[in-house]
Amino acid sequence: MDNCDRQNPRNARYLNWIDMYGPAAASVAAGLKTSEENILGLSAIESAWGQGPFARDGRNNFFSLHYPSPLSTGFVTTADGKVKVSTYLNFASSAKAFAVAYGHLVTGQPSAHTFAASLQNAGKYGINRDGTKVPSFVPDVMSVASGFEERLKCGR
Amino acid sequence: MRTLIAIMAAALLVISMGTAGAVPDTLKLSVDEAKSLVGLVVSVANPAKDIESMQMPDDPNFLFFSATWASPAGEPMNGYFGVNPATGDVWDIACHHESNPALRHAQAEIKKRFALPTREYKRLSALKPIC
């Protein structure tokens, strides 16, 4: 299968994400000495490819970050109204805020597995209400990051 | 004649079901029914979850939901899920197929209720969201 063929809906979804957010993700990844696909993968998963409740409608929170946080423009609340979640001007601001908040957990970790596992082990991502780990979190990040890695070769 | 009409109707049904989206509405779960299936997935470890319907414009064949909880320290997302409205299969955002005893029980009831031809049921059940 040609991963660069945009007629395939899966390819189109990945390649459009790279077109829109790749440069900002690459910049943040370079600063953290991690890989671009890890930043793209986590943002895609956490925001449901931009359609999730904290990213859509101009909220631009692609990493599910709490409020307050650096660069935030305001906040929305979770459905039960108990937690404030930041809003941002754009993807780049959201990614920079992620780097400030959690960059220390993933610096120097280019592998998607250690990148995701570090975030989960620190209790920041992929944690259930009962305190247990969401078993699919690390494999999901690895899977989507791998999808980006394959398609970053397509060129921009 | 009656048999012939029945065969033709069955054939038309099968032809019309080329995708999950082409399944007649009478053989699809409602949004609330699909939401309850996501509840069976996340409620195992998240007793007070919030589940909301959402749209994935490039993937109209599935019903999508976000599950959040008010985590005081970590991210508030529990996950995103796509539900096949014809079979009740539930997939997460990266196409991890969800399964647990309560969900399997509910899916068996859906299978019984819609009574799709076995071959069609298998084909539809194997469909995944874009991921």
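The values are calculated or read from the model by the stated rules, or taken from the named source; none is laboratory data. Note that the coordinates shown come from a computational prediction; the quantities given were computed from them, not determined experimentally. Using ideal geometry, Cβ is built from the backbone for each residue, glycine included, and neighbour counts are taken over all protein chains shown.
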Q. Do you know which residues across the stretch B:118-131 are assigned to a loop (DSSP other than H, G, I, E, B) and under 13 Å from the mean Cα position of the chain (by Cα)?
A. B:LEU127, B:LYS128, B:PRO129
Q. Can B:ALA102 be described as of a type in the set (A, V, I, L, M, F, W, C), farther than 30 Å from A:GLY131 by Cβ and part of a helix (DSSP H, G or I)?
A. no
Q: Scan the stretch B:23-38 residue by residue and report those that are modelled with pLDDT of 95 or more and part of a helix (DSSP H, G or I).
A: B:VAL31, B:ASP32, B:GLU33, B:ALA34, B:LYS35, B:SER36, B:LEU37, B:VAL38
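The rows are residues; the columns are (1) buried (at least 23 other Cβ atoms within 10 Å of the Cβ); (2) over 20 Å from A:GLY126 (Cβ atoms); (3) within 14 Å of chain B (Cβ to nearest Cβ); (4) among the acidic types (Asp, Glu).
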residue: A:ARG59; (1), (2), (3), (4): no, yes, yes, no
residue: A:PHE63; (1), (2), (3), (4): yes, no, yes, no
residue: A:SER69; (1), (2), (3), (4): no, no, yes, no
residue: A:GLY81; (1), (2), (3), (4): no, yes, yes, no
residue: A:TYR88; (1), (2), (3), (4): yes, yes, no, no
residue: A:SER93; (1), (2), (3), (4): no, yes, no, no
residue: A:PHE98; (1), (2), (3), (4): yes, no, yes, no
residue: A:LEU105; (1), (2), (3), (4): no, no, yes, no
residue: A:SER111; (1), (2), (3), (4): no, no, no, no
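Conditions (1) more than 13 Å from the chain's Cα centre (by Cα); (2) under 30 Å from A:LYS82 (Cα atoms); (3) crowded, with 16+ Cβ neighbours inside 10 Å; (4) modelled with pLDDT of 95 or more, marked per residue:
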{"position": "B:GLN55", "(1), (2), (3), (4)": "yes, yes, no, yes"}
{"position": "B:ASN78", "(1), (2), (3), (4)": "yes, yes, yes, no"}
{"position": "B:GLY82", "(1), (2), (3), (4)": "no, yes, yes, yes"}
{"position": "B:SER99", "(1), (2), (3), (4)": "no, yes, no, yes"}
{"position": "B:LEU116", "(1), (2), (3), (4)": "yes, no, yes, yes"}
Q) Does the stretch A:81-95 include one or more residues that are in contact with a strand residue (DSSP E or B) (Cβ under 7 Å, 6 or more places away or on another chain), under 16 Å from B:ASN78 (Cβ atoms), of a type outside the set (Gly, Ala, Ser) and not in a loop (DSSP other than H, G, I, E, B)? A) yes
Q) Which condition breaks for A:ALA26 when tested against (1) aliphatic (A, V, I, L, M); (2) buried (at least 21 other Cβ atoms within 10 Å of the Cβ); (3) outside any loop (DSSP other than H, G, I, E, B)? A) (2)
Q) When you go through B:ASP89, B:ASP25 one by one, which is the residue that is free of Cβ contacts under 8 Å to residues at least 40 places away in the same chain, more than 13 Å from chain A (Cβ to nearest Cβ), closer than 29 Å to A:ASN16 by Cα and not hydrophobic (A, V, I, L, M, F, W, C)? A) B:ASP89
